Protein chains: 2
Amino acid sequence: MRLKSALFVSAAIAFTLPTAAMADEGMWTFDAFPAARMKQAYGWAPDQAWLDKTRAAAVRLTGGCSASFVSDAGLILTNHHCVATCVEENSTGDNNILVKGFTARATSEEKKCAGQQAEVVTAIRDVTPTVKAAIGSATGADAVRARNAAVAKLESDNCTDKATTRCQVVSLFGGGQYKLYTYRKYSDVRLVWAPEAQAAQFGGDPDNFNFPRYSLDASFLRAYENGKPVATPQHLSWNPRAPEDGEATFVVGNPGTTQRLFTMDQFAFQREVALPITLTTLSELRGRLITAMAESPEKEREGKETLFGIENSLKVYIGQVKALNDPAFTGKLAAAEADLKQRSANKAGIGDPWSDIAKSVQANRNIYVERNFATPRNDLFGYALALVRAAEERGKPNAERLPGFGDAALPLLEKSITDARPITPWLEELRMEWSLSKAREYLGADHPQTKLLLGKESPEGLAARLVSGTKLADPAVRQALWNGGAAAIAASTDPMIVYARSLDANARALQKRYDAEVDAPLTAARARLADARFAAYGDSNYPDATFTLRISYGKVQGWNERGTPVPTRTFLGGTFDRATGAEPFDLPPAFAANQAKINKNAVYDFVTTNDIIGGNSGSPVIDKAGTVIGAAFDGNIHSLGGTYGYDGTLNRTVVVSTQAVQEALEKIYPAPNLVAELRGKRR
Amino acid sequence: MRLKSALFVSAAIAFTLPTAAMADEGMWTFDAFPAARMKQAYGWAPDQAWLDKTRAAAVRLTGGCSASFVSDAGLILTNHHCVATCVEENSTGDNNILVKGFTARATSEEKKCAGQQAEVVTAIRDVTPTVKAAIGSATGADAVRARNAAVAKLESDNCTDKATTRCQVVSLFGGGQYKLYTYRKYSDVRLVWAPEAQAAQFGGDPDNFNFPRYSLDASFLRAYENGKPVATPQHLSWNPRAPEDGEATFVVGNPGTTQRLFTMDQFAFQREVALPITLTTLSELRGRLITAMAESPEKEREGKETLFGIENSLKVYIGQVKALNDPAFTGKLAAAEADLKQRSANKAGIGDPWSDIAKSVQANRNIYVERNFATPRNDLFGYALALVRAAEERGKPNAERLPGFGDAALPLLEKSITDARPITPWLEELRMEWSLSKAREYLGADHPQTKLLLGKESPEGLAARLVSGTKLADPAVRQALWNGGAAAIAASTDPMIVYARSLDANARALQKRYDAEVDAPLTAARARLADARFAAYGDSNYPDATFTLRISYGKVQGWNERGTPVPTRTFLGGTFDRATGAEPFDLPPAFAANQAKINKNAVYDFVTTNDIIGGNSGSPVIDKAGTVIGAAFDGNIHSLGGTYGYDGTLNRTVVVSTQAVQEALEKIYPAPNLVAELRGKRR
């Protein structure tokens, strides 16, 4: 599923050779849509009015997904897997709406989604000169500090109305460009409609990132302000029709992270260092969780979405490892790098950024394990560390704070810390135990950081003591600590806060070392690399994904799987053939109950050539007329290499069709109000 | 721990350039000990009498370890981790001797170890001409069939006394040589002495493959025949002294598998295909097991040795991945290959074996996932498949059977199937569920093999049904099916037998395809590669490890870890400093109880430069005088790359000293009879 993966936070320039067939590659920013190129391939391209209208309806969900407004009353279309945590958190043992599905019969029944915020881009401004001037000739940690200060100031100065706007400076092309994005934000988001999880997740992990697919991965949310649905006149029109083979499609959303502009040394780092550690440790967590969930139906329910997230990430990483271990795939990457090197030779101001990047990668090899295992990975510890850091950072001038703690970032940070969310102690303990034991395994028992993390305790004993002793599961306690600031944190005897305090200095020192030895030289070198790319290839470049708004064009088209053509679409009726009765292929009860009524020939899921990546989940799939014909929810198995490069012959976006969603709204999980609202006839 | 890992069954020639410093590299066969080379480096080398005497005392344990006779009454020294399964299987909830340790006060108290067999080499004969003549000009599956038939005939014709001898033809240098090993075998092996597991495994997984180390990884077994201890006049002398820095040491044992003679394409296959899948799936199994064991003290006890085995293997694989992803390490491999290619250019009869190997590797890439996930991996299924296959194979002439089912192999096979061993149903179900779900994940839900494996069932449902329904946990049932042969198997309605029958045809077809497309061309090409190596480097070659008897020479020496010297030895007293009270660093109770008595200055563990690998666990470490001064039980973390190449500056063998074992026998886990026997004064 195309949920934004949180593991790799990376930076950004264009992958394939411009001379090679570009197919439908590209996650384009709205201010650089390649209209001429599309027109050449498709005989048509959207005009500025089309682009502006679409952009105004595109929604970013801070949980890591994309979405769109589809009515004038703040109704949001996204994927079921983007709201599953909200559905789970609103479930109880007696009323498990994750299993049963949910339909609000009226707005009064709509349920708040903790931590969720909807954001719409209202302006994009190039601030490259300001940021670059601030950095000046500084190097190392000084350069990072100067950049962070400039960014914090830009974000703070340009969003004075913190209640309704958010400003974010984004680095594109790995530091080649800086853009200030302004968002209209809606921090009250509620659940309107969700089908049974079994319908959305039919086929489970085995079918994830595969096609043919039979998944109703769609849901509706609504944006609220002051307790009322917001007015959203600039919304997309709902068009519950079947897609046509070969028709042009646009995906508008927020791809999370790609690394297509990495150098070969950076790819090697992923393949040789980061990915093996990630695969190994995350697989163990998966195993721990699978067994724990089998202990009781309650644990099964409580662990489900966490497991889903882990399995989804793991499948992505496995696909990435496969791509980077495929000589044919990496051969293309190497050829692209060689081409750029050749075109850049002896150009003024470019120098040899590849060697500089290689050096920073080597520095990263030396620090990676320590950084990766600096702090445990569970929510309660996450709250504790965020509270400890926020208390300290808020006492500093805006320009001197750590990234993520500037004035502009504080409202969402506070919301994410203080929103009420159920905490599951056994899950907390399991994750904490796991991350501490992996830290000891990779660092070794004699490493000072292992001693800092564990003292004389075992991972199991320490996790049990902290999770059972902390009061941070209570949002009121977190709010009080937030409000109390540095004094409250210093006075706290909460064991998780005490523990976070004890780890923070080391984690900060590692970050400082990373800034000086890796980030600063890398950013400087990548900025020169961006210059080289623009000089060589002009505006056929697009920046790597950064969880900011992009548009991709493509068409409805299957692919050829080792000689066998894969069809473009599935039909609702296929679900009944694929069901085996055994989990995760058991027929959703509402499908079984309504089998006679369901139109078996309605298009269920379909594939397009659009170029997307994790974070695009929930993106509207739009036709030439600008109407919504589906919601992107996945890529095919080949698309997992999309982190590093796009292959138009194989990579596909997987979409749930509006025709299937309409059928569900009418016959399977009836929501007549919603049907009316989508028709523009809201009661 | 240097337990033989079962995953990679591979084939075999010398790694570093002969011009480079060889240090103490090499796992030498006894008929090709490089005495001249050792003499040059050490000023001394063993003579033939020394070698013969040592060889006669060296023991192979079929469980995957090495050992030696250390008294004239069949007393065997090996590692605790080599007997831990036996100790666990002889434990009960009331009398957990794995936790408490075990000392037989008299031979009558010694406990049988199921499945364990001790073997001593009595002859080695070169049968290369016979096997090569049998293969002749055959290719593909015909070549494999001809080779297997020749091997089966040699093994059967040369060991007519099946009760006391075993014959095994071993392919060395990947098919360059075939040698017939004859063993005197002892199929009744009993447990004599084992310390507390906490003393043997102090530091657990975090300390495994690390040094400094504080581990009493030693135990004693005894070989029996006709219910009585066997006479072993040709044993090593027990010498409970401290090692001296720099003194020469020999390790005599059975290294399991190295892949140092692989080509770059074969290394790429391991790095790109096999290892990522193994790491990922095995890590998940580890996680599943860790959580399951936390459910109850009983499960903790029942799962312990399985978890140990998984974690030990995982650490090896993680080390292998690290080595193959280290450009400095693989650079040496590439340089060695380039050197051999250059020396072999235009030599008659060599051709281009590298290209042929590349082709067979490519074929393996196409078949690997299917073969790897052809059958589930749990003991009860293993019994079922072995019974099903044995029934069919035993009906065929000896020369036409699958490898492992020839007349010469049947006695050990029958013993391994019918020996009484406790079966733990939850563990069986957990492993079966896991392997079936991984099969579906890697093959995809739509793959015919997935359908064959699961039908319409889920991995969980199928595993539960088969494990709860089968009677194969009862050794009498297995014996009856073995005795009943093909008729009994065909008539069986035992669900595990029925299931094994349903999978066998597909698994055999995959093996046949592998034989034809991978094994046959690979063996032919590697035989030519062996010729090339001998032509280029003469007898500085040694074959890759094949779990046959080898001797390695080296010396007592530490190493330099990133600028910090690591000492050669630890002392018993260090245990008390390292103990934290938290598992796995909790002090063994008998150490605590006897703290005052223990000689804190006795050497505990030490390191040597000997070149060993998994399978060497339990190998005697022998001084120039031919006396035992320790038992090898591990390598340091750098030695994990030893699968692919030896680096004398970093790779170390980790040994538990006889001085520490003597101290334990006298003061910590008193065994006066054993002390007397080791002194040659058996009562």
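Normalising the average separation of contacting C-alpha pairs (under 8 angstrom, six or more residues apart) by the number of residues puts the relative contact order of the stretch B:203-327 at 27 percent. Excluding ligands, DNA and RNA and using a 1.4 Å probe, chains B and A jointly bury around 3200 Å² of accessible surface, summed across both partners. For the set B:Glu89, B:Glu298, the ranking by accessible area, highest first and with no ligand, DNA or RNA atoms included, is B:Glu298, B:Glu89 under a 1.4 Å probe.
Cα centroid separation, the stretch B:410-440 to the stretch B:488-506: 15 Å.
Backbone phi angles across the stretch B:78-92, fed through the Karplus curve with coefficients 6.51, -1.76 and 1.60 (θ = phi - 60°), yield HN-Hα couplings of 8, 8, 4, 5, 7, 10, 4, 4, 4, 5, 4, 5, 9, 8, 10 Hz in residue order; Gly and Pro are listed as x.
Show me the ranking of peptides A:643-652, B:281-290 by mean Cβ neighbours inside 10 Å, starting with the highest.
Values: A:643-652: 21.5, B:281-290: 23.8.
Packing order, densest peptide first, comes out as B:281-290, A:643-652.
Using r as the Cβ-Cβ distance of A:Lys667 and B:Trp426, and R0 as 56 Å, what FRET efficiency do you calculate, to the nearest 0.05? Using R0 = 56 Å, I get an efficiency of 0.80. Reported value for the protein assembly as shown: 178 Å³ per residue, from the convex hull of its C-alpha atoms. Annotation: amide H-H contacts under 5 Å for A:Glu225 (H modelled 1.01 Å from N, sequence separation of 5 or more, or interchain): A:Val230. Taking the label point 7 Å along Cα→Cβ, B:Pro233 and its counterparts in the other copies are spaced 10.9 nm apart, in ascending order.
Each principal axis of chain A carries a Cα extent, and these read 66, 63, 49 Å when sorted largest first. Here the chain A residue lying nearest the rotation axis onto B, judged by its C-beta and given with the distance in whole angstrom, is A:Gly287, 1.
Whole-Hz Karplus values for the stretch A:296-301 come out as 6, x, 5, 5, 4, 5 Hz, taken residue by residue from phi with 6.51 cos²θ - 1.76 cosθ + 1.60 and θ = phi - 60°; glycine and proline positions read x.
Relative contact order of the stretch A:127-267: 15 percent, from C-alpha pairs under 8 Å at least 6 residues apart in sequence. The Cα center of the stretch B:71-91 and the Cα center of the stretch B:507-558 differ in position by 31 Å. Highest-first packing order for the peptide set A:570-578, B:78-86 is B:78-86, A:570-578, based on the mean count of other beta carbon atoms within 10 Å. This model, with +1 at the C-beta of Lys and Arg and -1 at the C-beta of Asp and Glu, gives the protein assembly as shown a dipole about its Cα centre of some 920 debye. Sorted from shortest to longest, the distances between the A:Arg465 label points of this copy and the other copies are 4.9 nm, with each point 7 Å from Cα along the line through the beta carbon.
Roll a 1.4 Å probe over the protein chains and send me the accessible area per residue for chain A in Å². Don't jump to the answer; show the numbers that get you there.
Working: 24020 Å² over 683 residues.
Roughly 35 Å² per residue, with all protein chains present.
Note on B:Lys451: lysines with a C-alpha under 18 Å away, same-chain residues under 8 apart excluded, are B:Lys438. Cross-linked pairs A:Lys53/A:Lys681; B:Lys153/B:Lys396; B:Lys111/B:Lys304; B:Lys100/B:Lys667: no Cα-Cα separation exceeds 25 Å. The A:Arg465 and B:Ala464 beta-carbon pair, evaluated with R₀ = 45 Å, returns a calculated FRET efficiency of approximately 0.80.
Whole-Hz Karplus values for the stretch A:158-173 come out as 9, 10, 7, 8, 6, 6, 10, 10, 9, 10, 9, 8, 10, 8, 10, 6 Hz, taken residue by residue from phi with 6.51 cos²θ - 1.76 cosθ + 1.60 and θ = phi - 60°; glycine and proline positions read x. Between A:Thr122 and B:Asn226, the modelled labels are 9.9 nm apart [label points 7 Å from Cα along Cα→Cβ].
With the label put 7 angstrom out from Cα along the Cα-to-Cβ vector, A:Lys341 ends up 1.9 nm from the copy partners, going from closest to farthest. Gyration tensor analysis over the Cα atoms of the stretch A:22-154 returns equivalent ellipsoid semi-axes of 37, 26, 14 Å (largest first, whole Å). For the pair the stretch A:636-683 / the stretch A:51-69, the C-alpha centres are spaced 15 Å from each other. Per residue of peptide A:576-586, the mean number of Cβ atoms on other chains within 10 Å of the residue Cβ is 3.
Kirkwood-based Rg over Rh for the stretch B:530-683 (C-alpha set), two decimals? Write down the numbers at each step before the final one.
On the way: Rg = 18.7 Å, Rh = 17.9 Å.
Rg/Rh for the stretch B:530-683 comes to 1.05.
Please give the length that would be gained between A:Lys415 and A:Ala36 if that part of the chain were fully extended, namely 0.36 nm times their separation in residues minus their C-alpha to C-alpha distance (nm, one decimal). Spell out each step's value before the answer.
Working: separation 379, 0.36 × 379 = 136.44 nm, distance 4.30 nm.
Contour length minus the Cα-Cα distance gives 132.1 nm.
So if I take the alpha carbon set of the stretch A:186-332, get Rg, then get Rh from the Kirkwood formula, what is the Rg over Rh ratio? Walk me through the numbers on the way to the answer.
On the way: Rg = 20.0 Å, Rh = 19.4 Å.
With Rg and the Kirkwood Rh in hand, the quotient comes to 1.03.
Normalised by 2.2 N^0.38 Å, where N is the number of residues, the C-alpha radius of gyration of the stretch A:114-266 stands at 1.40. Counting Cβ atoms of other protein chains within 10 Å of each Cβ in B:290-297 and taking the mean gives 5. Ligands, DNA and RNA excluded, the heavy atoms of B:Glu666 present near 80 Å² of accessible surface to a 1.4 Å solvent probe.
From the Kirkwood radius over Cα pairs of the stretch B:350-540, Stokes-Einstein at 20 °C and 1.002 mPa s returns a whole-number translational diffusion coefficient of 115 µm²/s.
Can you give the FRET efficiency for B:Asn366 and B:Val498, using 1/(1 + (r/R0)^6), R0 = 22 Å, r = Cβ-Cβ distance, to the nearest 0.05?
Numbers: r = 31 Å, r/R0 = 1.39.
Calculated value: 0.10.
Over the whole of A:437-443, what's the average partner chain Cβ count within 10 Å per residue? Rounded to a whole number, please.
Partner Cβ neighbours, averaged per residue: 2.
Extension gain for the segment A:Lys456 to A:Ala505, taken as residue separation times 0.36 nm less the Cα-Cα distance, is 15.7 nm to one decimal.
The values are calculated or read from the model by the stated rules, or taken from the named source; none is laboratory data. Bear in mind the structure is a predicted one, so any value in this text is a computation, not a measurement. No Cβ is skipped: glycine too gets one built from the backbone with ideal geometry, and neighbour counts run over all protein chains shown. Protein only, heavy atoms only, side chains kept; ligands, DNA and RNA dropped before computing areas. Shrake-Rupley method; radii C 1.70, N 1.55, O 1.52, S 1.80 Å.
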